[in-house]
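K.L.:
One structure is given below, represented as structure tokens, and several questions about it will come after.
Just so it is clear, none of the values below were taken in a lab; they were calculated from the coordinates. Quick caveat, the model's predicted, so the values are computed rather than measured. Positions of Cβ are generated from backbone atoms using ideal geometry, with glycine treated the same way; all protein chains shown enter the neighbour counts.
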């Protein structure tokens, strides 16, 4: 199985940058996902990393270091609509199970 | 419209009364999965299916059953629900179980077991 840790809450100001860290301990690794979940809604896909490095997608970027068991999601030019929970998920190498962290609630203030 | 549908969206039931939550996708996806979401615990995978007639346990399979007789449907069965199964349930699907295929989630089913 996987042990996935991410901060519970973060607060930032509109227009600022926020970095959400995710660390994992895994018996096997086959990719890391980030999902966004607004209150009362279903999660939606943000990014996927399987190789080390940075993946950029508009205002959102995701970084992975497999040797350190570490990833972060970077949200730039924060907008009020970015207030949501951000979920880090790791896929097991051997059986395609997907394990999620508890999620980080980001609150964007004006 | 490409989507994952779940029914019912809300359900209140009593301990021991068998229930089924249906899940259907219209995207011809091979991989389907069920999760439960509880405060402070995040999403936990219950069961997943790589394709028709292939199902595997996730992290919290106890008390649940699934079947995958058709590609589009993946029902979740609670044979004898108990109060600790009160939760928000999500069904999800992706093209395959591998690579970077994103999972598309259904709208969720809020279950209360009294």
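K.L.:
Pull up the range B:83-106, narrow it to residues that are touching a strand residue (DSSP E or B) at 6+ places or on another chain (Cβ under 6 Å) and part of a loop (DSSP other than H, G, I, E, B), then point me to the one that is farthest from the other protein chains (Cβ to nearest Cβ). Quick ask: steps written out before the conclusion?
P.N.:
Going through the range B:83-106, the residues touching a strand residue (DSSP E or B) at 6+ places or on another chain (Cβ under 6 Å) turn out to be B:83, B:85-94, B:96-97, B:100-106.
Imposing the further condition that a residue be part of a loop (DSSP other than H, G, I, E, B) reduces the set to B:86, B:96-97, B:100-103, B:106.
Working: B:86: 17, B:96: 9, B:97: 4, B:100: 4, B:101: 8, B:102: 4, B:103: 7, B:106: 6 Å.
By that ranking, first place goes to B:86.
K.L.:
Is there a residue in the range A:70-87 that is closer than 25 Å to residue B:92 by Cβ, surrounded by fewer than 19 Cβ atoms within 10 Å (Cβ to Cβ) and out of contact with any strand residue (DSSP E or B) (no Cβ under 6 Å at 6 or more places or on another chain)?
P.N.:
Scanning the range A:70-87 turns up at least one residue that is closer than 25 Å to residue B:92 by Cβ, surrounded by fewer than 19 Cβ atoms within 10 Å (Cβ to Cβ) and out of contact with any strand residue (DSSP E or B) (no Cβ under 6 Å at 6 or more places or on another chain).
K.L.:
When you look at residue B:64, is it within 11 Å of chain A (Cβ to nearest Cβ) and either touching a helix residue (DSSP H, G or I) at 6+ places or on another chain (Cβ under 6 Å) or without any contact (Cβ under 8 Å) to a residue 60 or more places away in the chain (or both), yes or no?
P.N.:
no
K.L.:
Does at least one position in the range A:96-107 carry a residue that is without any contact (Cβ under 8 Å) to a residue 24 or more places away in the chain, buried (at least 17 other Cβ atoms within 10 Å of the Cβ) and either more than 14 Å from chain B (Cβ to nearest Cβ) or in contact with a helix residue (DSSP H, G or I) (Cβ under 9 Å, 6 or more places away or on another chain) (or both)?
P.N.:
No: zero hits.
K.L.:
Then there is this: So, in the range B:1-37, of the ones that are part of a strand (DSSP E or B) and more than 15 Å from the chain's Cα centre (by Cα), which residue ends up surrounded by the most Cβ atoms within 10 Å (Cβ to Cβ)?
P.N.:
B:13
To keep it simple, each residue is scored yes or no on (1) in contact with a helix residue (DSSP H, G or I) (Cβ under 9 Å, 6 or more places away or on another chain); (2) more than 30 Å from residue A:49 (Cα to Cα).
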position	(1), (2)
B:52	no, no
B:60	no, no
B:72	no, no
B:83	no, yes
B:112	yes, yes
